[in-house]
Amino acid sequence: ERVAKWGHGAVAITDHGVVQAFPEAFDAGKKHGVKVIYGMEGYLAETADKSKANPTFHVLILVTSPEGLKNLYQLVSISHLEHFYRRPRLLREELIKHRQGLLLGTACEAGELIQAYLKGVGRERLKEIASFYDFIEIQPLGNNEFLVRGGQLGSIEELQEMNRTLVEIAEELGIPAVATGDVHFLDPHDECFRRIIQAGKGFEDAESQAPLYLRTTSEMLEEFSYLGEERAKQVVIEAPRQLASLV
């Protein structure tokens, strides 16, 4: 309802590891005349060896066709029935096998690209990692401010530098860099609900909620103004429209 009111043509829904919201999203999309981009934020793993603490990385998956939707459903089933270890894991080989009709994005800081950046790997290796994906995500500074608080990055300027680098890598690879809000709630004051849920799950930083609310286009342009006017417009308006047009 909100995105229709704001004049957006499309909205993506990407819950973690599951797709239960799709029927409700389908009905709402029809009711408000908004194209729903069906998707998921998956847990990417290299192998299914449960005896080892294999890391999982977030990966964003967007559906572009009925075949893609079927592939996503198959991936959800496989990840829950065959590779569930604490969370439903998507093995890279399975993802490659079922990739038809899907767009893959690098996701938030928990994705493998930003994790590699934080480890300080070289530019060429970053490009190698990014080349697996169809688009690179960058997010508002407040979303990742905890990296500065936790000492993984030295300052907000370093956070800006990280996003600049990600945009440059996207340009070098000829894939879109897309500014996403990573929206978990509608309005800024709704953070209290997420705080309660996270506190219940034992998150130590539940009191320091990131501003994961639905931003307007103007707010997003302002947020990425440090990229320069042209690039900000590209990542906030042009690239998201380009992705939506593929669906």
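Some observations on this one:
- Antiparallel DSSP beta bridges within the chain, percent to nearest 5: 45 percent
- Pairs of Lys in the chain closer than 25 Å at Cα, counting only those 8 or more apart or on different chains: 18
- Sorting S218, S65, S79 on solvent-accessible area from highest to lowest, probe radius 1.4 Å, gives S218, S65, S79.
- In the chain, helical runs assigned H by DSSP with n ≥ 4 each contribute -39500 (n - 2.57); averaged across all residues and rounded to the nearest 500, the mean residue ellipticity at 222 nm is -11500 deg cm²/dmol.
- Rg/Rh for region 1-105 (Cα atoms only, Rh after Kirkwood) is 1.04.
- Solvent-accessible area, 1.4 Å probe, carbon plus sulfur percent, for the chain: 51 percent
- Cα-centre dipole for the chain with unit charges at Cβ (Lys and Arg positive, Asp and Glu negative), debye to 20: 760 debye
- A Stokes-Einstein calculation at 4 °C with viscosity 1.567 mPa s, built on the Kirkwood radius of region 53-168 over Cα pairs, returns a diffusion coefficient of 84 µm²/s.
- Difference of contour (0.36 nm per residue) and Cα-Cα distance, D49 to V148: 32.3 nm
- Its relative contact order, with pairs defined as Cα atoms under 8 Å and 6+ residues apart, puts region 83-207 at 21 percent.
- Under the criterion of Cα pairs below 8 Å and six or more residues apart, the relative contact order for region 165-231 equals 31 percent.
- Cβ-Cβ FRET estimate between I96 and E161, R0 fixed at 30 Å, reported to 0.05: 0.40
- Of the residues A199, Y133, Q152, the one whose Cα sits farthest towards the positive end of the charge dipole of region 124-247 is A199 (charges of +1 on Lys and Arg Cβ, -1 on Asp and Glu Cβ, taken about the Cα centre).
- Net charge contributed by nearby residues that have their C-beta within less than 13 Å of G154 (K/R +1, D/E -1): -3
- Order of exposure, largest accessible area first, which applies to R99, R87 with probe 1.4 Å: R87, R99
- Rg/Rh (Cα only; Kirkwood hydrodynamic radius) as it applies to the chain: 0.94
- In percent, rounded to a whole number, the relative contact order of the chain is 14, using alpha-carbon pairs under 8 Å and six or more apart.
- Expressed in units of 2.2 N^0.38 Å, where N is the residue count, the Cα radius of gyration of region 118-247 is 1.12.
- Accessible area per residue, Å², the chain with all protein chains present, probe 1.4 Å: 52 Å²
- Subtracting the Cα-Cα distance of K30 and V18 from 0.36 nm times their residue separation leaves 2.2 nm of extension gain.
- Ranking I96, I169, I175 from most to least accessible surface, computed with a 1.4 Å probe over the protein chains only, gives I96, I175, I169.
The values are calculated or read from the model by the stated rules, or taken from the named source; none is laboratory data. Remember, predicted model here, so these are calculated numbers, not experimental data. Glycine gets a Cβ as well: all are built from the backbone with ideal geometry, and neighbour counts include every protein chain shown. These accessible areas exclude ligands, DNA and RNA; they are computed on the full protein's heavy atoms, side chains included. Shrake-Rupley method; radii C 1.70, N 1.55, O 1.52, S 1.80 Å.
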